[in-house]
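Nothing in this text is a laboratory measurement; each read-out follows from the coordinates by a stated rule. Computed from a predicted model, the values in this text were never measured in an experiment. Glycine gets a Cβ as well: all are built from the backbone with ideal geometry, and neighbour counts include every protein chain shown.
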Amino acid sequence: MVEVDLSQLPFTLMDEAGRDHVRRGMDLAYFDRDEIILEMGQPGESVFLIHKGEVAELDPTLPAASARIGHYTAGDLFGAISILNGKSRYRFQAEQECLCYVMPKALFTQLCRHYPPFEQFFKQSLSHKARLLTEKRAEGGVTMAGFMLAKVNECMREPLLIDASKSIHDAVRQLHDSHADSLLVATAGALGMVTKTDLLNGLVLGNCTQATPVEALANVSLVTVAPEQYLFEALILMTRHKVARVVVMEGESVKGVVELMDVLSFFSSRSYVVSLQVEQASSLEALAAASQRTPELVNALMAQGVKLRFAMDLLAALNGRIMSKAWSFTVPEQYHTQSCLMVMGSEGRGEQILKTDQDNGLILADDCQWPTVAEEMNTLTETLIQLGYPPCPGNIMVSNPEWVGTVSQWKNNITKWVNARDGDSLMKLAILLDSHGVAGNPALLDQVREALFERCSHDELLLSYFARAALRFSTPLTLFGSLKKPQHGIDIKKGGIFPIVHGVRTMALERRINATSTLDRLDALAADGRLDRRFADDLGEALALFTELRLRQQLQELDNVNPKRTNRVVVQELSSLERDLLREALRIVKDFKQRLSHRYHLEYS
Amino acid sequence: MSGMRLLDRHMTLFSGSLRTLLQRESDRRRWADSPYAWLFQPYMGEEAVAMACQVSAVQPAVMSVAAVVLSPRQVHTSRTWVATLVASSALAPATLRRHHQLHATHSPRSPDAECLSELAEFIGNRPLVGWQLENTIEPLNGLFRNVLGFGLPNAQVDIAKLHGRQLRRLHPHIEASSRLGDALTRWKLPPLTWPSVVSEATASALLYLRLQREIALTA
């Protein structure tokens with residue numbers, strides 16, 4: 001009759017004997033509508049696995065409308081945490097008539113003793129659960145392994161070494177014999193690289209003869225990766241450094257060479273060629289065509305279950321390259337060293353996956369003479385709009401003279417904003433804090449940032465004002481599952497993403513952390529000792545989860561006829577594991593907010 | 001012994017006929033000094049035991065029996081007694097194999113005193129419930145009488161009758177089916193997926209709990 005389904009997590013973490021044990025040890029229980037299955041504070045005596053019916057998780061200390069914090073349906077498991085914690089945190093009440101399998105506490109604890117992974121499933125932090133989810137998704141038939149799990153050492157070529165004193169003639173001969181198009185040159189101190197193009201340029205354009213030693217042509221600034229790094233990261237490096245080859249080094253020794261063509265053919269799906277198209281674009285039209293394809297790339301990456309962090313890195317690198325190309329098309333070259341184009345907001349943090357509004361600004365060197373700057377910046381903004389970056393509604397763009405200034409003007413602005421400390425100024429500070437140079441001379445941005453840190457990191461009062469915004473939106477934990485109009489969903493940006501991003505930004509300001517991406521900032525804060533590593537990891541995973549949910553929503557909306565961006569996630573459409581993750585993630589946000597208000601004294605504000 | 005206590009003592013027995021009542025009373029006296037005496041005491045707890053039994057039509061009889069304990073809130077599927085009983089395993093190997101596979105029982109046991117008293121101990125003096133319980137109990141009682149000298153003295157509830165009565169009450173025009181599967185669908189319970197004795201006992205236990213609730217609601 002009612003055979004218990006043990007083919008899903010966490011029961012798959014046991015062997016057949018364990019599952020048999022479970023099958024024998026389970027009882028069946030019936031619960032009427034509205035019957036309380038497990039009361040808050042009651043010691044956990046059993047684990048419940050729902051066979052039929054629905055169970056609500058309630059926090060009776062809250063007013064009725066907001067008491068619902070969870071919802072379990074057939075196949076969901078509850079009560080395990082109550083056993084591990086000793087008593088139940090919340091009240092579990094049957095929403096409909098329920099038929100549950102009941103596993104007694106003794107059996108559960110015995111299973112936990114015998115099967116550590118089973119116990120871990122319940123004790124593990126959010127990051128583990130998220131990993132399980134990714135693995136589960138990967139099993140769903142998509143070829144995640146091909147793309148994301150490929151390591152550099154699966155796709156590298158044997159290194160071809162040539163002595164520095166050998167002639168160009170010898171080099172060409174060796175290239176021809178080995179069907180390669182680059183050689184590593186062992187010079188006295190370091191390694192260098194020559195490519196076929198280098199040799200050709202040397203012979204035809206340079207003043208070399210066939211007898212000239214290759215050393216003269218070798219390029220010694222090499223981009224290197226470790227053999228156990230992901231191939232994906234190699235691709236990011238190539239995009240970032242505008243090279244077509246990276247050298248694989250293990251410690252001091254050369255292991256091989258990874259070529260762009262090899263990487264691309266390894267991935268061999270057209271979507272991944274976007275980065276190549278961006279590099280090759282020689283006109284605005286070509287660049288726009290490549291830029292149009294980034295949503296397609298995002299879709300492909302998501303479908304393959306690529307970890308969001310890597311997807312974000314790749315997209316940030318791509319967006320950066322697109323911007324920088326657009327910049328080089330519009331801005332005359334003589335100004336390149338005297339100015340710095342910075343992107344701000346989510347773009348600056350490298351967390352913009354689909355193209356959102358362009359938030360950018362320009363920093364000029366103090367001694368820069370550039371009379372036509374306003375005109376050219378207008379052109380740049382127009383160009384970016386053509387490339388698919390919609391204009392910023394808040395007008396934070398280079399076409400707005402307020403966001404163009406010399407280094408000392410920027411420093412004055414910072415002082416002004418810090419003194420004013422009103423909402424608008426704080427927002428501008430936050431935007432500036434996330435800025436990241438994409439084109440021109442990044443040293444200018446570093447000067448501005450240094451001034452910002454100098455001015456703010458010890459100003460407790462400012463930090464307190466600054467941090468307050470993180471508490472502005474309440475965590476939608478309470479809205480969970482019991483929204484008045486469920487089809488409207490919960491606002492994942494206000495409830496989840498913003499508090500984390502802003503809180504971490506505040507801490508980064510306090511600790512003078514240069515990184516702009518939230519995940520990098522979390523790493524830096526953990527290394528700094530400001531946050532403990534576990535909590536930082538949890539926050540990172542929570543952020544990744546929110547971003548992923550939002551992204552999925554946005555991709556869906558992209559397919560619709562009238563594209564209207566919302567940040568709302570409809571809880572009912574999520575799977576039970578995702579609901580579980582979301583709830584857990586929002587709890588982490590709540591915890592983080594408490595820490596923030598403790599650290600920055602926001603209790604009375 | 002006061003009248004009320006006597007009434008209490010025999011409360012569970014009032015459901016049976018006068019003949020069984022007398023039979024049980026005489027059994028109780030006869031077995032008063034044996035280790036089985038407690039089986040004849042009236043049960044005052046809340047638990048019951050759901051029984052299911054399959055008997056092969058061919059001779060010699062192969063019988064699979066399952067008993068599952070239930071309390072007012074739960075079906076204790078972890079407390080189950082199940083066995084295939086046959087006089088000698090050399091007999092009727094085909095039927096035996098069929099029972100073995102179908103009901104997922106362990107190796108067949110011979111219905112000797114040891115085995116039957118184990119079952120009697122398991123059931124104790126708790127009331128029995130089951131789908132068409134008479135059909136289930138009859139062959140078992142035959143064995144008990146042969147081997148131990150008494151039939152199961154427990155109070156009995158036939159769920160098929162309970163179901164029929166409840167159904168007539170709610171939908172007078174619907175004819176109650178005599179199949180357990182139909183009754184399960186009627187009360188929106190998970191269907192029988194595997195016709196083993198254990199699942200039949202569990203299903204009838206669930207149905208019993210469901211009907212008890214229904215009766216409590218309509219009463």
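In table form, for the structure just shown:
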{"read-out": "Using θ = phi - 60° and Karplus 6.51 cos²θ - 1.76 cosθ + 1.60, couplings along the range A:98-107 (whole Hz; Gly, Pro as x)", "value": "10, 10, 10, 7, 10, 9, x, 4, 4, 5"}
{"read-out": "Computed label-point distance, nm, for sites A:His336 and A:Asn207 using a 7 Å Cα→Cβ extension", "value": "2.6 nm"}
{"read-out": "Crossing angle, helix A:168-178 versus chain A [Cα axis fit, 0-90 degrees, rounded to tens]", "value": "40 degrees"}
{"read-out": "Whole-number D in µm² s⁻¹ for the range A:152-267, Kirkwood Cα-pair radius fed into Stokes-Einstein, 4 °C, 1.567 mPa s", "value": "90 µm²/s"}
{"read-out": "3J(HN,Hα) from dihedral phi, the range A:537-553, Karplus parametrisation 6.51/-1.76/1.60, rounded to Hz, x for glycine, proline", "value": "4, 4, 4, x, 5, 4, 4, 4, 5, 4, 4, 5, 4, 5, 4, 4, 4"}
{"read-out": "Long-range HN-HN contacts of A:Met193 with modeled amide H, under 5 Å", "value": "A:Val185, A:Asn219, A:Val220"}
{"read-out": "Cα long-axis angle, helix A:308-330 against chain A (0 to 90 degrees, to the nearest 10)", "value": "30 degrees"}
{"read-out": "A:Thr239, A:Thr73, A:Thr383, A:Thr209 arranged by Cβ crowding within 10 Å, fewest neighbours leading", "value": "A:Thr209, A:Thr73, A:Thr383, A:Thr239"}
{"read-out": "Other protein chain Cβ atoms within 10 Å, averaged over every residue that makes up A:102-109", "value": "1"}
{"read-out": "Net charge, A:Gly192 excluded, C-beta distance under 14 Å - Lys, Arg +1, Asp, Glu -1", "value": "-1"}
{"read-out": "Kirkwood hydrodynamic radius of the range A:401-453, from inverse mean 1/r over distinct Cα pairs, in Å", "value": "11.4 Å"}
{"read-out": "Neighbourhood net charge (13 Å Cβ-Cβ; Lys/Arg +1, Asp/Glu -1) for A:Ile414", "value": "+3"}
{"read-out": "Cleavage-rule hits (trypsin sites (Lys or Arg not before Pro)) in the range A:316-356: DSSP loop, at most 15 neighbouring Cβ within 10 angstrom", "value": "none"}
{"read-out": "Local net charge near A:Ser182, Cβ-Cβ under 11 Å (Lys/Arg +1, Asp/Glu -1)", "value": "0"}
{"read-out": "Pairwise label distance in nanometres, A:Asp459 with B:Thr193, each label 7 Å out on the Cα-Cβ vector", "value": "6.5 nm"}
{"read-out": "Built amide H within the under 5 Å cut-off of A:Ala74, gap 5+", "value": "A:Gly53"}
{"read-out": "When the range B:45-158 is reduced to its Cα atoms, the Kirkwood hydrodynamic radius in Å", "value": "14.4 Å"}
{"read-out": "Kirkwood-Stokes translational diffusion coefficient of the range A:198-238, alpha-carbon pairs, 37 °C, 0.692 mPa s, µm²/s", "value": "260 µm²/s"}
{"read-out": "Order of A:Ile83, A:Ile322 under a 10 Å beta carbon neighbour criterion, fewest first", "value": "A:Ile83, A:Ile322"}
{"read-out": "Principal axis box of the range A:270-456, alpha-carbon based, largest edge first, Å", "value": "50, 34, 27"}
{"read-out": "On Cα atoms only, tilt of A:294-303 relative to the major axis of chain A in degrees", "value": "40 degrees"}
{"read-out": "Scaled radius of gyration (Cα, divided by 2.2 N^0.38 Å) that the range A:11-123 gives", "value": "1.06"}
{"read-out": "Nearest-0.05 FRET efficiency for B:Ser34 and A:Glu382, computed from C-beta distance (R0 60 Å)", "value": "0.05"}
{"read-out": "Restraint check, A:Lys196/A:Lys325; A:Lys151/A:Lys255; A:Lys196/A:Lys255; A:Lys428/A:Lys494; A:Lys87/A:Lys123; A:Lys166/A:Lys242, Cα-Cα greater than 23 Å", "value": "A:Lys196/A:Lys325; A:Lys166/A:Lys242"}
{"read-out": "Estimated inter-spin distance, B:Tyr43 and B:Leu18, nm [label 7 Å along Cα→Cβ]", "value": "2.7 nm"}
{"read-out": "√(5λ) per eigenvalue of the Cα gyration tensor, chain A, largest first, Å", "value": "49, 33, 21"}
{"read-out": "Amide proton proximity set for A:Val248, modelled H, under 5 Å, gap of 5+", "value": "A:Val225, A:Lys255, A:Gly256, A:Val257, A:Val258"}
{"read-out": "Residues A:Glu35 and B:Asn146, FRET efficiency given R0 of 56 Å [Cβ-Cβ distance, rounded to 0.05]", "value": "0.75"}
{"read-out": "Between the range A:324-349 and the range B:148-179, the alpha-carbon center distance in angstrom", "value": "84 Å"}
